[in-house]
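Student: Got a structure for you, questions after.
What follows draws every value from the coordinates through simple rules; no lab data is involved. This one's a predicted model, so the numbers in the text were calculated from it and none came from an experiment. Please note: Cβ atoms are built from the backbone with ideal geometry, for glycine as well, and neighbour counts cover all protein chains shown.
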Amino acid sequence: MTSLALPAGTTRNPLRTLAWAGIVVGLVAAFVALPPVASRSWVPSLLLALLAALAGIFVFTRGERRFGMYAVATALLAFGLAYLATRSSIGKLDTVVVWSALFAAMLRYATPLIFAALGGMFSERSGVVNIGLEGMMLTGAFFGILAADKLDSWELGLLVAILSGGAMALLHAVWSIHFRADQIISGFAVNVLAVGLTGYLFIDIYGQEGTPSDIPSIPNVHLAFLDGVGFFGDIFGNLNLMIWIALILVPVSWFVLFRTPLGLRIRAVGEHPRAADTVGIPVFGIRYAAVILSGVLAGMGGAYLAFGLGSQFSENMTAGRGFIALAALIFGKWKPFGLLAAALLFGFSQALGDALQTILHVNAFLVFTLPYILTLVALVGVVGRSRGPAAAGIPYARQ
């Protein structure tokens, strides 16, 4: 029997290569049914999806279960999308499936996830689990838009969103680090507090009318040199300022975390706090700073939701994005570029859901669940296989 075992000294895994090939073939199965190809028969997509699924099954039965499952899931989802596309008219497909518009929407929807996931990365890399990102985003959204409204300045609104997100994170830090409370319960308490506080103040201040329509919003950045460029100009030519900040923060976070002494200290505190304390690293100070930074970043994501992506606030408007950001963090293995890829994947699923709703006229609530379904599928593949920081979730007590 031919073995697919790796030769000595070889780092490439042929099973994973085959799984990735299956994923690519699965994506092609969907692509051939969409513009500009737009095949009107679902048979080519079915054949390609079967090929991708067989590759995934082969890889799954040979021990690489996670990658095999990804290939099979891609094949199933791709064929489902291709079949639905072939049932729609060419006119609707050409109108809705515009790749530049889909990618631009992907960036818009991924931005709050990137901010929150980066915040969660710093917190968990320091050893503090932060499921309170949802509440920190919500707090930043409400107090940010309130300040932008009352002070007539989006800059001051963004500053208040940062401060309010950091304040909620400080509560989580005090409970988790100083009082050594269970970090999951502490994060859940932050979420509950944020929902109750913002909901009460929203009704008390704005009533049933809601926020006014003339609140200053975070501006877009117009890149004139991309005018008329076409595909890239349509995507990057007029993005919101917060999108650019989020994208810039990804390589900056990678550099800080993996190329600076401060990043080394954060990682040391998250992996082995007692050893770090022994060599003089201030464990409590690092953890406090990292958790507060997570709230600052989550607050920025909330500000973008409230008066960057839109110009209004509604009760519980984050709608689980903090938890999707945590899923992106886990899926990306607590690394900046990994979580960016995951956030873009979830953002694309939401953009695609919006497009499908226009084509198929399906219930809006059904489309709204697409990113959450993708989150569950992604987590099924990584839970138990991705290893986070060793000391994450474990309170530290100096002896």
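Student: Which FRET efficiency value, to the nearest 0.05, do you get for Thr278 and Asn316 by plugging their Cβ-Cβ distance into 1/(1 + (r/R0)^6) with R0 = 45 Å?
Tutor: Efficiency, from the Cβ-Cβ distance: 0.50.
Student: Please compute the net charge surrounding Tyr396, taking Lys and Arg as +1 and Asp and Glu as -1 over other residues with Cβ under 11 Å from its Cβ.
Tutor: +3
Student: Need one word for the stretch 189-316: rounded, prolate or oblate. Basis is the Cα gyration tensor (sqrt eigenvalues a ≥ b ≥ c); a/c below 1.5 gives rounded, then a/b vs b/c decides.
Tutor: Taking the square roots of the gyration eigenvalues as a ≥ b ≥ c, the stretch 189-316 is oblate.
Student: Determine the shape class of the stretch 11-115: with a ≥ b ≥ c the square roots of the Cα gyration tensor eigenvalues, call it rounded for a/c under 1.5, and otherwise prolate if a/b is greater than b/c, oblate otherwise.
Tutor: Taking the square roots of the gyration eigenvalues as a ≥ b ≥ c, the stretch 11-115 is oblate.
Student: Sticking with this one: Taking R0 as 35 Å, what's the FRET efficiency between Phe258 and Trp20 from their Cβ-Cβ distance, rounded to 0.05?
Tutor: Computed FRET efficiency for Phe258 and Trp20 comes out at 0.90.
Student: Let me ask you something else. Using modelled amide H (1.01 Å from N, peptide plane; none on Pro or chain starts), what sits under 5 Å from the amide H of Asn240, excluding residues fewer than 5 places away?
Tutor: So Asn240 has HN proximity to Val221.
Student: Could you give the nm distance between label points at Phe337 and Val221, where each point is 7 Å from its Cα heading toward the beta carbon?
Tutor: 2.0 nm
Student: May I pose another question? What is the gain in length, in nm to one decimal, between Leu241 and Trp99 on full extension, counting 0.36 nm per residue of separation less the C-alpha to C-alpha distance?
Tutor: On the way: separation 142, 0.36 × 142 = 51.12 nm, distance 2.17 nm.
The span from Leu241 to Trp99 would gain 48.9 nm if fully extended.
Student: Please state the relative contact order of the chain as a whole percent: Cα pairs under 8 Å, 6+ residues apart?
Tutor: Values: 729 pairs, mean separation 97.4, N = 399.
In percent, rounded to a whole number, it is 24.
Student: Also, I was wondering about something else. By per-residue mean of other Cβ atoms within 10 Å, what is the highest-first order of 340-347, 113-120?
Tutor: Descending packing order for the listed peptides: 113-120, 340-347.
Student: Right, another one. About the Cα centre, and with charges only on the beta carbon of Lys, Arg (+1) and Asp, Glu (-1), how big is the dipole of the chain? Nearest 20 debye, please.
Tutor: For this selection, approximately 1740 debye.
Student: For volume of the Cα convex hull per residue in Å³, the choices are [x] 157; [y] 146; [z] 173; which was calculated from the structure?
Tutor: [z]
Student: If you take the beta carbon distance between Gln399 and Val192 as r and set R0 to 51 Å, what does 1/(1 + (r/R0)^6) give as a FRET efficiency, to the nearest 0.05? Write down the numbers at each step before the final one.
Tutor: On the way: r = 34 Å, r/R0 = 0.66.
In this case the efficiency is close to 0.95.
Student: What residue among Phe103, Phe323, Phe232 shows peak mean-square fluctuation when the chain is described by a Gaussian network model with Cα springs under 10 Å?
Tutor: Phe232
Student: For the stretch 38-97 and the stretch 237-298, what is the separation of their C-alpha centers, rounded to whole Å?
Tutor: 39 Å
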